[in-house]
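Readers should treat all values here as calculations from the given coordinates under stated rules, not as data from a laboratory. Note that this is a predicted model, so its numbers are computed, not measured. Ideal geometry is used to build each Cβ from the backbone, glycine not excepted, and the neighbour counts take in all protein chains shown.
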C-alpha cells in the first residue's frame with residue numbers, strides 16, 4: 001500500500017470513528033401496537049431519523065406496557081423519552097397514586113399530543129349502557145403498567161368500587177382484548193385512547209357491541225377536582241353499533257422525558273416534529289386537529305425541558 005493510500009485509508013478510519021462517536025441512539029416508550037401511542041412514537045422516530053446524517057440521532061420506538069411503564073423506564077434511565085397520559089405525568093412528578101414513594105422530580109414535559117378518552121365497549125348481549133352497569137360483569141380493566149388500568153382504578157376508587165365488584169377483572173393488553181370480547185371471554189373492555197382506534201374498530205366489527213357512557217356526578221367531580229381531566233365525546237357513527245354520541249371523559253397524551261437527557265437531544269427531537277408538522281399531522285387521524293400553541297401548554301404538569309423551551313422560543317411561541 002502506498003504512503004498516500006495509507007494516509008487516505010487512515011483518514012477515512014478517523015472520519016468514520018468520529019461519525020460513530022457523534023451518533024446517539026434514543027429510545028421512545030410507546031404502548032400497544034394497536035394504540036395511538038405506538039403511532040406517536042413511530043411517527044416521531046420517522047421524522048427524527050430523516051435527519052440522522054445531520055444530527056447523529058437514531059431513534060427507535062418499541063411497543064411497551066404504556067404510560068406508567070414508560071415513565072418508570074425513563075426514570076430508571078432505560079428509555080430517553082415516552083408517551084404518557086397527562087394524569088400519569090402529574091402523578092409521577094408529584095409522587096402520588098402509582099408513584100407514591102417514588103416521586104420522579106426529574107420528569108420533564110416536552111409537548112402534549114391528542115386527547116384520549118376512557119372508552120368502554122360492551123357486548124350487546126351483556127346489556128351494559130352505562131358505567132354502573134359494569135357491576136358484576138366480566139371486564140378487562142387493562143394491563144398492569146398502562147394508563148388505561150390507572151384511569152379505571154381512579155374511577156373505581158371514586159365510585160367506592162374495586163376490581164372485586166366485577167365477576168372477572170382481566171388484565172389483557174390492548175392487542176388481546178378485542179378478540180376476548182368477540183370470543184365471549186369478557187363482557188366489556190376498557191381503553192384510554194385517541195380516536196379513531198384500530199382495536200376498538202376490530203372489537204365493534206367482530207361482535208355486536210356498543211359504546212358505554214361514562215358520566216354522572218362522580219365523573220363531574222373527578223373532572224372538576226383534577227386539571228388533567230376533561231370531558232369528551234366519542235362521535236356517533238364512528239364505530240358499528242353506536243350511532244349516537246357517547247359521553248365520557250379523558251386525558252391528554254403527553255410526550256415526556258428526563259432532565260438527564262441532554263438539551264440538544266430534546267431540541268432536535270422537538271425540531272424534527274414541528275419543522276415537519278404537516279407531515280406529522282398526516283400520520284394518524286387523531287393528530288389532524290393538533291395546534292402547536294395548545295401542545296406546548298395543555299395537559300403539561302411537569303416543567304418543560306430546556307431543550308424544548310429553546311425551540312419554542314426560537315419559533316416565537318413562548
Order these peptides, 127-133, 79-85, 308-314, by their mean beta-carbon neighbour count within 10 angstrom, highest first.
79-85, 308-314, 127-133
Output ordering of 276-284, 33-41, 182-190 (per-residue mean of other Cβ within 10 Å, highest first) is 33-41, 182-190, 276-284
Which log10 I(q)/I(0) values, to two decimals, does the chain give at q = 0.07, 0.12 Å⁻¹ under the Debye formula with one point per Cα?
-0.31, -0.79
Of all DSSP beta bridges located in the range 116-251, what percent are antiparallel, nearest 5?
75 percent
Using all Cα-Cα distances in the range 83-159, what percent lands in each 10 angstrom bin from 0 up to the longest?
15, 42, 28, 13, 2
Post the alpha-carbon centroid distance, the range 75-104 to the range 242-318, in whole angstrom.
17 Å
Among the DSSP beta bridges whose two residues both lie in the chain, what percent are antiparallel, rounded to the nearest 5?
70 percent
Which three extents, in angstrom, do the Cα atoms of the range 153-285 have along their principal axes, listed largest first?
51, 34, 27
Divide by every residue of the chain the summed helix terms, -39500 (n - 2.57) for each DSSP H run of at least 4, and state the resulting mean residue ellipticity at 222 nm, rounded to the nearest 500 deg cm²/dmol.
-11500 deg cm²/dmol
If we sort 194-205, 246-257 on the protection proxy, mean other Cβ atoms within 10 Å, highest first, what's the order?
246-257, 194-205
